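Everything on this sheet refers to the single structure shown next.
The values are calculated or read from the model by the stated rules, or taken from the named source; none is laboratory data. All values reported here derive from a predicted model rather than from experimental measurement. Note that each Cβ is placed from the backbone with ideal geometry, even for glycine, and that neighbours are counted across all protein chains shown.
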Amino acid sequence: MEFTHFNESGKAKMVDVGKKDDTQRVAVAKGRIKMNSKTLKMITQGQMKKGDVLSVSQIAGIMGAKKTSDIIPMCHNIFITGADIKFEIDEENSAIQIESEIKTTGKTGVEMEALSAVSITALTIYDMCKAVDKDMIIEDIKLIKKSGGKSGEYIRKGEF
């Protein structure tokens, strides 16, 4: 395995994907945000003063996926053909599980977009709830699976 983001002088470069074939690509990422039980209850009952936390953070996550190349220097600007953010409320652990699925047909994958979507979703939840809970923890953000492209399919062991 070699790093492809360095030129012959050892300096950073953006990889040229111009000669690669367009393929359908999908990436799924997950993460979670833990909070106190009062905060989780306020979110699920729509009691946050800033509005519907899950709806706003869902839109923010999709927007984050679309803007990934603006904040990750060597990321290509990708035409996203589909983006979805799902939530699972974990009352037992007082947490919200976040899952993103990003799709494209193109020359490079959408792993960074899926990871960015989860990150921005979690950050938006934090932003909307920080007035009542500054102890929230964003954790365990990871790629779960990806398909398409030259390297084919990847599935994280123990996730599916």
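Observations
- Only listed residue being part of a helix (DSSP H, G or I) and of a type outside the set (Val, Ile, Thr), chosen from 27, 83, 117: 117
- Residues satisfying the stated conditions in the range 120-160, i.e. of a type in the set (S, T, N, Q) and not in a loop (DSSP other than H, G, I, E, B): 121, 124, 147
- Cβ-Cβ contacts under 9 Å between residues 6 or more apart (or on different chains), taken from a first residue in the range 16-31 that is acidic (Asp, Glu) to a second residue that is surrounded by 13 or more Cβ atoms within 10 Å (Cβ to Cβ) and assigned to a loop (DSSP other than H, G, I, E, B), are listed as 21/107; 21/149; 22/107.
- Matching residues in the range 32-51 - criterion: being more than 23 Å from the chain's Cα centre (by Cα) and without any contact (Cβ under 8 Å) to a residue 60 or more places away in the chain: 37, 41, 45, 46, 47
- First in the range 136-158 and under 23 Å from residue 24 (Cα atoms) and at pLDDT below 95, second anywhere and exposed (fewer than 12 other Cβ atoms within 10 Å of the Cβ) and among the aromatic types (Phe, Trp, Tyr), Cβ under 7 Å, 6 or more apart: none
- Candidates 48, 35, 74, filtered to the one that is surrounded by 11 or more Cβ atoms within 10 Å (Cβ to Cβ), more than 19 Å from residue 138 (Cβ to Cβ), out of contact with any Phe, Trp or Tyr (no Cβ under 6 Å at 6 or more places or on another chain) and among the aliphatic types (A, V, I, L, M): 74
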